[in-house]
1. Can you name the residue in segment 1-45 that is at pLDDT below 80 and in a helix (DSSP H, G or I) and, of all such residues, is surrounded by the fewest Cβ atoms within 10 Å (Cβ to Cβ)?
2. Give the residue, chosen from Glu48, Glu53, that is of a type outside the set (Val, Ile, Thr), loosely packed, with under 12 Cβ neighbours inside 10 Å and under 24 Å from Lys78 (Cβ atoms).
3. Within segment 56-83, which residues are surrounded by 10 or more Cβ atoms within 10 Å (Cβ to Cβ), part of a helix (DSSP H, G or I) and modelled with pLDDT under 80?
Amino acid sequence: MADEKKIEKEGGRYMADEKKMGKDVVGFIKSSYETTLDNMTKMHDQGEKVLKEMISKGKEVQADGEKVLNEFLVNAKKGRDEFKKMLDENFKRLEDLFK
C-alpha cells in the first residue's frame, strides 16, 4: 500500500513520484559540485602555499612580482567564492522547485 502512494496509475502506465526523483537528481548533482569545488579549493590553497614559499625563498623575485602574485591570488579566491555563492543560490532555487 505504501508504494501506491509513490506510484500512480495514469493511462495504463505507472509513473514514479517525479518530485522525489527530481530532488534525488538535484541532490546528486549538488553533492558532485560541492565535492569538486572542495577539491579545487584544496588545490588552490596548496598552490598558494607553494607560490608564497617560493617567493619568500627566491632572491630573484622583486617586490612588484610579489605584489602581482598576491593580487592574482586574492582575485582567484574572490572568483572562486563568488562562483560557489552563485551555485549555492541556484541550487537552492532548483531545490525549491521540487518542494
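The values are calculated or read from the model by the stated rules, or taken from the named source; none is laboratory data. These numbers come from a predicted model, not from an experiment. Positions of Cβ are generated from backbone atoms using ideal geometry, with glycine treated the same way; all protein chains shown enter the neighbour counts.
1. Step one: of segment 1-45, the residues at pLDDT below 80 are 1-19.
Now drop any that are not in a helix (DSSP H, G or I), which leaves 2-6, 18-19.
Values: Ala2: 5, Asp3: 7, Glu4: 8, Lys5: 8, Lys6: 11, Glu18: 9, Lys19: 11.
This residue is Ala2.
2. On the way: Glu48 fails: loosely packed, with under 12 Cβ neighbours inside 10 Å.
Of the residues listed, the single one that is of a type outside the set (Val, Ile, Thr), loosely packed, with under 12 Cβ neighbours inside 10 Å and under 24 Å from Lys78 (Cβ atoms) is Glu53.
3. Passing the criteria: Gly65, Glu66.
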